[in-house]
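Bear in mind that the values in this text are calculations on the coordinates, not laboratory data. These figures come from a predicted structure and were not determined experimentally. No Cβ is skipped: glycine too gets one built from the backbone with ideal geometry, and neighbour counts run over all protein chains shown.
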């Protein structure tokens, strides 16, 4: 055990000594993807002062004491944003049942390792959507450990028997003991508007910057059918009201028309998953300017090869999920909703998580094109972060864009990702993919908040 903890700590901190900080950095001779445009710019220089992009132009002057990075025609682009991660639910075990026996020290250390691994793949910002208080975020922001900016939900709020009810069978009785994940504050059960309101307020006391409600059934859980509807209207509205008091928003876990529309009726602004919705619902999401946090890897038939979904109740859930998602690509192509990238990995080792991320990017680009993927990875989720209002932990600049006044969260990559998406790490194989080492070779420079964490030029 002592060896395991020592190794994990090394994984979290390894490379920290290579972090480079300068008062000013000038990227010369780069082509820019700004987060939105369908074409790269011509040759540009990009100046970073402190943690902000201060100037973009041709042949910019080089002030004294400025570090110069010669781009040689490479692409400079925003750091990537993953809008749905579970740093403390990933990497330790293969199941929720296994997590019930995990120690908090193990979960915490593994979370740090997951954060670093995501970051070294070019993800400079993530949204952690279940059980992450602001402790890890604070350590990363201080520079104690390496990782992305974190927008966290604290405990995911679920009804009894909902997607966040992870109690073991022997504890499922009225007045029975809490499950391990409840005791650790990773999930909370709330079965009335008053209980939802109390859970929401407690989350904000733990540093949450938005709220997550389990508004419908899920796949990786035992008690809730994927077609189920979880919360009454007054319960959803209680969460939205609590979030409004803190000048932020609610996201919901939902798959079906009923669950998604109930959430929108209550004023929810972000829907996660929702692969089983109809044309009418997608049209409404567009009309009401809803952000759709969409993951696609689970629709790959190869998922049935994974142990958790090879047989039994989970297998039947996924089978139903696939059957009801058949029109998804066509609906998105027709209505063009506001989509943000989502990996939603749980119970995977670090190499498996890398393969999952690479495959998620592949599927998205294969369905909707490279430009759509890049926007979903940068400018659109950057826009979504503004929903946190005065709760935003990073209020000084924009995220997900390359423009003057934006945060200096920057990648320098070989080639042109609009033409060849593989330069940001893509693989057409998920299940059985050849393991790769930490980081993406063609991402040559990673800068976050004006600090260089990788430079392989």
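Under the simplified labelling scheme, the residue 431-residue 323 pair shows an inter-label distance of 1.9 nm, with each label point 7 Å from Cα along Cα→Cβ. Could you tell me how many degrees, from 0 to 90 and to the nearest 10, lie between the Cα long axis of helix 193-205 and the main elongation axis, the longest principal axis, of the Cα atoms of the chain? With rounding to tens, the tilt is 30 degrees.
The angle between the Cα long axis of helix 350-368 and the main principal axis of the chain comes to about 80°, on a 0 to 90 degree scale. One Cα centroid belongs to region 62-107, the other to region 376-421; the line between them spans 15 Å.
Here the alpha carbons of region 383-453 define both size measures, Rg and Dmax, at 15.5, 44 Å.
For region 90-218, the Kirkwood radius over C-alpha pairs fed into Stokes-Einstein at 25 °C and 0.890 mPa s yields D = 160 µm² per second.
For region 80-391, what log10 I(q)/I(0) values come out of the Debye formula at q = 0.06, 0.14, 0.16 1/Å, with one point per alpha carbon and no solvent? Those come out to -0.17, -1.07, -1.50, one per q. Can you tell me the FRET efficiency between residue 205 and residue 103 if r is taken as the Cβ-Cβ distance and R0 is 30 Å, rounded to the nearest 0.05? FRET efficiency, residue 205 to residue 103: 0.80.
Placing pseudo-labels 7 Å out from each Cα toward the beta carbon at residue 258 and residue 67 gives an inter-label distance of 5.5 nm.
Helix 104-120 and the longest principal axis of the C-alpha atoms of the chain enclose an angle of approximately 40°. Given R₀ = 30 Å, FRET efficiency for residue 310-residue 419 by Cβ-Cβ distance, to 0.05? The computed FRET efficiency comes out at 0.20. Eigenvalues of the alpha-carbon gyration tensor of region 332-457, scaled by 5 and square-rooted, set the equivalent ellipsoid semi-axes at 24, 20, 15 angstrom, largest first.
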